[in-house]
1. So, of the residues in segment A:121-148 that are farther than 21 Å from B:A153 by Cβ and basic (K, R), which turns out to be surrounded by the most Cβ atoms within 10 Å (Cβ to Cβ)?
2. Taking segment B:133-166, which residues are of a type outside the set (D, E), under 21 Å from A:A136 (Cβ atoms) and facing chain A (nearest Cβ under 7 Å)?
3. Read through the list (1) closer than 22 Å to B:I125 by Cβ; (2) open to solvent by 70 Å² or more (accessible area, probe 1.4 Å); (3) modelled with pLDDT under 90, then give the number of the only condition that B:L240 fails.
4. In segment A:2-32, how many residues are touching a residue at least 60 places away in the same chain (Cβ under 8 Å), in a loop (DSSP other than H, G, I, E, B) and at positive phi?
5. Which of the residues belonging to segment B:170-202 are within 14 Å of chain A (Cβ to nearest Cβ) and crowded, with 20+ Cβ neighbours inside 10 Å?
6. What residue, among those in segment A:63-94 that are within 19 Å of B:D151 (Cα to Cα) and free of Cβ contacts under 8 Å to residues at least 12 places away in the same chain, is nearest to the other protein chains (Cβ to nearest Cβ)?
7. Which of (1) over 23 Å from A:P214 (Cβ atoms); (2) modelled with pLDDT under 85; (3) under 17 Å from the mean Cα position of the chain (by Cα) does A:A79 not meet, given it meets every other one?
8. For the structure I just gave you, tell me whether B:I125 is away from chain A (no Cβ under 14 Å), buried (at least 20 other Cβ atoms within 10 Å of the Cβ) and modelled with pLDDT under 95.
Amino acid sequence: MSTLRLSGDLWMGDAPLIRNLALEFPAARWSCLLGRSGVGKSTLARLIAGLPGPYRLEGELAGNGRALAGHVAMMAQDAQLLPWADCVQNVTIGARLRGARPDLARARALLAQVGLAGLEGRRPAALSGGQRQRVALARVLMEDCPIVVLDEPFSALDTVTRLAMQDLAAKLLQGRCVILITHDPLEAIRLSDHAYLLGPLGAESLALPASPTPRDFTAPETLAAQAQLLARLHSLGPVLCAG
Amino acid sequence: MRWLNTPILRALLALGFALGVWQVVVWASGVPHFILPGPGRVGASLWANAPLLWEHARFTAVNLGIGLVAGVALGVATALNLALSPGARLLLRPMLIFAQAVPVFALAPILTLWLGYGAASKIVIVMLVIYFPVTSAFFDGLMRLPAPLADLAQMMRATPLRRLFLLQLPNALPALASGLRLAVVYAPFAVVIGEWVGSSRGLGYLMLMANGRGQTDLMFAALLVLAAQSLILFALFEALARGRTEQAGR
């Protein structure tokens, strides 16, 4: 899979949401879409994942999206786990939904990789928020898609858990085309190889430190980039239209 | 007073209280026993007519059980079909809504005409009465898959049949349970009405006969057996439902 390109205007109903998009998501890189709540980040995530909604793209997405079907896995803020199924059953749900034989050994190995060894038989209600996101991450790995959309996957977690999950995701999703959607400047700076700041008039490329990801959150250049980005976001003022 | 707090003891206490009130009403009002017999008389009748009551109770219970199982099976199958096929929804849903407006009890005389005085008409009326609440409750549950899970199914390219059985069905089990709760409440009504309209056996038939012959104590005894049947049915259902919830919450 080569670079994924998205260009054109994104519409919500009959109102324009984001104009003049020209986004590139290179293979084996983390790309970040940063923006305030309501700017249309999650709509872009649904568009790339091929999910229905009241939006429409006047433009192009990697050959009209046809090439994308079946190549995208998504992880959202809500882990989207089945409440009645245990961890192994949740991780293997993709294969079972397609009528394929689930690879239980691989599911167990992936659960161990995300740090859930010994908890395979638990249901989501018996797990913490961070553990649930670990199950969701194992499920994304199980799907083994070249493109992974992360739609604010860690925003419901406490700060320390969030940092740990960022490190884990950076390690395990290496080699895939990852599209990270976030409103957290530190998360964008820690994880992205390149990042876009989204606004109603388009996307602008952001300058990032040269250090390798996941970037050290105590490093001066990370903190300086975060401060700069916060100032940039602050100067934009509130987003008035919801979406 | 801790020993007062066990469920069985509390139930016995409530029962004793109710029997006491009943006896006091009979004594105080002085109504003749062929209008309202006291608990003692009903108890004696229950004892004396035990083989007769058992015979008729068995007939009623068997029809109730068969009707309940068949009605639930038919309702579940219909709901699954409706959830899977838009064509079936188009054709059957308006009929289902219309059928809910028909008081099914009112069909009992017609069913007796068509199916005779035997077991068949009782089984069919029980099936008809519980079919609609079970179907509509389960179907609603099947169609209410949370949006995040629907997205998941789409991204994972689920086949419609597997989406139904792996996501929609487990998600609809609580809705099915509320449909079944209605079914176990309605079914005993239905079977007795079926027997009243036309039958030569069963507790409903026995009550009509006893009433006609002025054997009010036997009528009350039959009523008590009927109530006991319903209570056993509720208890069985609650035990089943609790088992499932405990499993789900593990």
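The values are calculated or read from the model by the stated rules, or taken from the named source; none is laboratory data. Please read all numbers here as calculations on a predicted model, not as lab measurements. Using ideal geometry, Cβ is built from the backbone for each residue, glycine included, and neighbour counts are taken over all protein chains shown. What goes into the accessible areas is simple: the full protein's heavy atoms, side chains included, and nothing from ligands, DNA or RNA. Shrake-Rupley method; radii C 1.70, N 1.55, O 1.52, S 1.80 Å.
1. That would be A:R134.
2. In the first step, residues of segment B:133-166 are kept if they are of a type outside the set (D, E); the result is B:133-139, B:141-150, B:152-166.
Narrowing further to those that are under 21 Å from A:A136 (Cβ atoms): B:145-150, B:152-158, B:162-163, B:166.
Once the filter is applied, which keeps residues that are of a type outside the set (D, E), under 21 Å from A:A136 (Cβ atoms) and facing chain A (nearest Cβ under 7 Å), segment B:133-166 yields B:P148, B:L149, B:L152, B:A153, B:Q154, B:M155, B:M156, B:R157, B:A158, B:R162, B:R163, B:L166.
3. Unmet condition: (1).
4. Residues flagged as touching a residue at least 60 places away in the same chain (Cβ under 8 Å), in a loop (DSSP other than H, G, I, E, B) and at positive phi within segment A:2-32 amount to 1.
5. Pass one, segment B:170-202, residues within 14 Å of chain A (Cβ to nearest Cβ): B:170-177.
If the condition is that a residue be within 14 Å of chain A (Cβ to nearest Cβ) and crowded, with 20+ Cβ neighbours inside 10 Å, then B:A172, B:L176 are the ones that fit.
6. Once the filter is applied, the top-ranked residue is A:Q89.
7. It fails just one condition, (1).
8. Details: away from chain A (no Cβ under 14 Å): yes; buried (at least 20 other Cβ atoms within 10 Å of the Cβ): yes; modelled with pLDDT under 95: yes.
Taking the combined requirement at face value, the residue satisfies it.
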